[in-house]
Structures are given as structure tokens and as C-alpha cells.
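The values are calculated or read from the model by the stated rules, or taken from the named source; none is laboratory data. Please read these numbers as outputs of a predicted model, since none were measured by experiment. Don't worry about glycine lacking a Cβ; one is built from the backbone with ideal geometry, like all the others, and counts go over all protein chains shown. Accessible surface is based on the protein model in full, side chains and every heavy atom, while ligands, DNA and RNA are left aside. Shrake-Rupley method; radii C 1.70, N 1.55, O 1.52, S 1.80 Å.
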Amino acid sequence: MIHIVFVLILSLLVLLMPNRMEVFNSEFNILIGLIYTCSLIIFFAFRKRFDRNWLTFDSLFLIGFTIVHFQIPILAGFGIEPERANYIWINKEVVNFATWMSCVCIVLWMWGYLVSLTRVNGKKNYKFSIYNKIDYKKISFQKYDRVLLILFIAFIGLVGGSFFSGVYDGGESWGGGAIYIYLVLKSLLYLRIIYFFKILSEKGSKLTIRSIVFSFLKYKFFLFVLVCYFGLFLLSGDRGPILQISLIIGASYSIFIHKISFRKLFLFVFLGAFVFTILKFGRSREINEVKQGNIFERGYANYKNNDASVGFTDELAASVRIQYRALDVVPDRHPYLYGLTFVNGVLGAVPFASSTFMDLLDIPKEYTATTTFFTYLGQGRNPISGEGSEIIGDIYVNFGLYISFVIMFLFGSFVGRVYKRALHKDFNSIIVLIILTAISIYWSRSVLLLPLKEIVYILVINYIFTIKARKKIH
């Protein structure tokens, strides 16, 4: 029955397909918003049958997707123009089509997700093995934590002085060695958090926040690295690593210890949005400003003194401009990329493979990824800042409209399959699901292959550290 409902929704959207270029239509954007809202309610009503946990990838991903793709056009439909309207409306004549395209893509994503929940490997109610039968308590965490500490010290030694000054540069001053050490470091740290909650859940007794904190205190090296890692990125106002660590901990807790209700999720998202807005206003690229109080004092003062009313979601919502740029430029003024940035993204999971590929084929650096491609479209070959990317625009400029629809359906099917396996305690699927959850809110403002490198590294590390445990089973 649920599949018939989604077929009917998609059929309605096909009938409503606008021209690719036409005058902005307020009523049309509001109508598409209503269709999307109904689809969202139907999706969660059905998904709730499988799991009542709300701190999940699908919940957070759809929150982020809604903000990025629907906040600005729907509010504009009601006459509420965005701040920096000229910055957002790259070409307002593509907005009707962009909103419709976003709705079709995400409805296909939801449908693919639900298809995998109800049907895996062609069999309904497919039964999975319990946890791979590996005793994770037999991992030598003393060795693991020493390796974690050594990598953290190596990262500190390579990253550069600006990282400790509280000046935010988004990693621009890091050397190549620091970037690779950081990738391995955070992969080890993320997996260590997952191990911690996995083992904690096997104690059987009801766990409290106090008992969890005391359990953390038993692993001094792990706790030291976790606190220092979090604190140093907080000091500089680099919100990405802070958000990822917070969501890794939250997702691990909700999967292994206790499910998170919708009310608690709403509270966490609201408080998180407020804190991250303060961090945005408090961070600085100038050392003189850093000396003027801590990041929260500066942030709150700057937030209060800001002339314009700043919404907590405005920065995230502004990423829709990249989709507008994609539709405005490709393919009329620039040809499709035919998967070039996707090939480069896949090769990026192997150290130095991406740069070697680009050098061998003498590919200009603006085609390294769609983040550099959209910056090139907006600012030429000498940009003063990056413009970022956007998930639908990333797919569209590579493959066009209809393949974008197919890829979003397959994307939803993949995540639904991972989610189904995670519900049945397949540990590798749990790892993948938690890593996806860590980037879920802001994935819509980036590229489709964003988490690939981290997933590959973490699964390889998990394989290495569980070799002895698997041998004992055999």
C-alpha cells in the first residue's frame, strides 16, 4: 500500500512539472511545499513501525534537506524574501524548476528507503545474524588508545600554530601531512566512541548518565584525546568536527543504550542551532579579535549587535543557491561533467590516488570536485573564498536531470538497507549508519560522496583491530 501512495505522489509531481526557465510562481512553490510535507508525514508514519528512535540518519538528513531546499522558496512564496536576496537568487527563473526537482528527488529517496525496509535481497523480513559473533571486549584498547594518543600528538605537531590561537581558517593553513593524519585520527576516534558504547551496552543493567561518565573515566588516553580534540576545535569555532563528534556520541547512545524521542530530538536540534549560530558570530580570522574574550562572549555580543534578524537556519538554507547556479549554467553555458568529479571522489578514498589521477590526465583543478567547480563558476580561476556545493546540484551537473532521479532513489535504497541491517545488529552496518548520521544535517549542502573516505578508513581500521577476535572464533 505504501508503495502505491508514493507512486501516486510521483505521478502528481510529473503532471506538475514546470518549464526549466519561467517566472517565479508563489502559488506553485507553496503547492510543492504542501506535497513535500504530506510525503514527509507519510514517510515517518510508516518508518515508525520499524523503530521509534528519532535520533537517526533519516530524521536528521530530512531536516537538513528541508532547510536547504524548501525554506527559501516556500517563504518567498509567502512574500518573505531571504536576507541577501541578490546573493541567493542567482537566477530566479530557475526556482520553480529547482523546487519541483528537489521534491521529486527527495520523494524518490524516501520511496527507495522504504522499499529497502520492507524488502531486502528480494525477501521480506530478511533475518540477519546477530552482531558478527565477535567479542569486542577482547580488543586491546590499551594499544588502541596509545595509537590514538600518538596520532593526536602527531596531528598537533603538524597542524600549525594558528590552530591553537583560536583563529578560524577552516584548515586552509594545514599542510598535506596534517590533513592525512587528521583523517586517520578522526577515523580512529569515531570508531573508538562506537566501540565504547557497544561494550557499555553489553553490561545489561540500566545505564545512567552518571555510570556512562564513570565508564569514560576508565579510559584515560581515550578521554584525554576526546576532550582535547573537542575543545581545540571549539576554541577556533570550527563547527564541522564539533557537530560530527556530538552526533557520533548521540547516535551511538541512541542505538546501543536508549532511544531518543521526537521531543528530545527537537530540543537537541534547537539548542544545537543556537550554539552553532553563536560560534559562527564568535569565530574570527584575526588574532586581535580573538583576544577580545572567549568565543561565546564574542559570539553572543556580535549576535546581539547584528543589525539584521538572523535565523538559526539561514546559513544552511542559503546553500540552495548552488542548485540554482547548477540549473542556470549547466548544460546551456557549460557541458555536463559526465561523472568526472564522482570518479575523483571515489579515488579520494585511496591515499594520493585522486591527485595522481588529476595529474596524469592533466585535469584543471576546478574539476577536482563540484565544490571547486561551483566556486570557479561563481568567481573564476582566482577565487577569494569557496562557495561550497549542494547534493542535488552535485549529481545534476555530472549526470543531468533523469539520472539524478535514479541516483536519489538508489541512494535512499542504500541507506534503507544499511538501516535495516543495523536494526538487526549487523555491526559494520551500525558503523556505516553512525558515520552517515554524523554528517546527516549538513550533507545536503555538500557532495553525494562526502562520507565515502571516512567510511572506508573506519571499516579498514575495524577490520584490523578485530583480526585476533575473529581468529579466536574460528
Query raised in the report: Of all residues in the stretch 444-463 being part of a helix (DSSP H, G or I) and hydrophobic (A, V, I, L, M, F, W, C), which is least open to solvent (accessible area, probe 1.4 Å)?
Result: I458
Query - Filtered residue count, the stretch 196-218, keeping only those that are aliphatic (A, V, I, L, M), open to solvent by less than 40 Å² (accessible area, probe 1.4 Å) and within 22 Å of F268 (Cα to Cα) - result: 2
Query raised in the report: Does I391 satisfy the criteria of being hydrophobic (A, V, I, L, M, F, W, C), under 12 Å from the mean Cα position of the chain (by Cα), under 30 Å from D135 (Cα atoms) and buried (at least 23 other Cβ atoms within 10 Å of the Cβ)?
Result: no
Query raised in the report: What number of residues in the stretch 45-81 are free of Cβ contacts under 8 Å to residues at least 60 places away in the same chain and of a type in the set (K, R)?
Result: 2
Report task. Assess whether I260 counts as being of a type outside the set (S, T, N, Q), touching a residue at least 40 places away in the same chain (Cβ under 8 Å), in contact with a Leu (Cβ under 7 Å, 6 or more places away or on another chain) and open to solvent by less than 40 Å² (accessible area, probe 1.4 Å). Result -> yes
Query raised in the report: What about G64, is it surrounded by 16 or more Cβ atoms within 10 Å (Cβ to Cβ) and within 27 Å of S261 (Cα to Cα)?
Result: yes
Report summary line: Checked the stretch 327-361 for anything open to solvent by 70 Å² or more (accessible area, probe 1.4 Å) and of a type in the set (F, W, Y); matches are Y338, F352
Report summary line: So, first residue in a helix (DSSP H, G or I) in the stretch 186-199, second residue open to solvent by 10 Å² or more (accessible area, probe 1.4 Å) and among the hydroxyl-bearing types (S, T, Y), Cβ within less than 7 Å, six or more apart or across chains; the pairs are S187/Y457; F197/Y253
Query - Residue satisfying condition, being surrounded by fewer than 24 Cβ atoms within 10 Å (Cβ to Cβ), touching a Gly at 6+ places or on another chain (Cβ under 7 Å) and touching a residue at least 40 places away in the same chain (Cβ under 8 Å), within set L410, L423 - result: L410
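Quick grid of which residues meet (1) modelled with pLDDT of 85 or more; (2) closer than 24 Å to W443 by Cβ; (3) open to solvent by less than 30 Å² (accessible area, probe 1.4 Å):
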| position | (1), (2), (3) |
| --- | --- |
| V167 | no, no, yes |
| L185 | yes, yes, yes |
| I193 | yes, yes, yes |
| K220 | yes, no, no |
Query raised in the report: Which one of the conditions (1) among the small types (G, A, S); (2) surrounded by 20 or more Cβ atoms within 10 Å (Cβ to Cβ); (3) modelled with pLDDT of 90 or more does G237 fail to meet, given that it meets all the rest?
Result: (3)
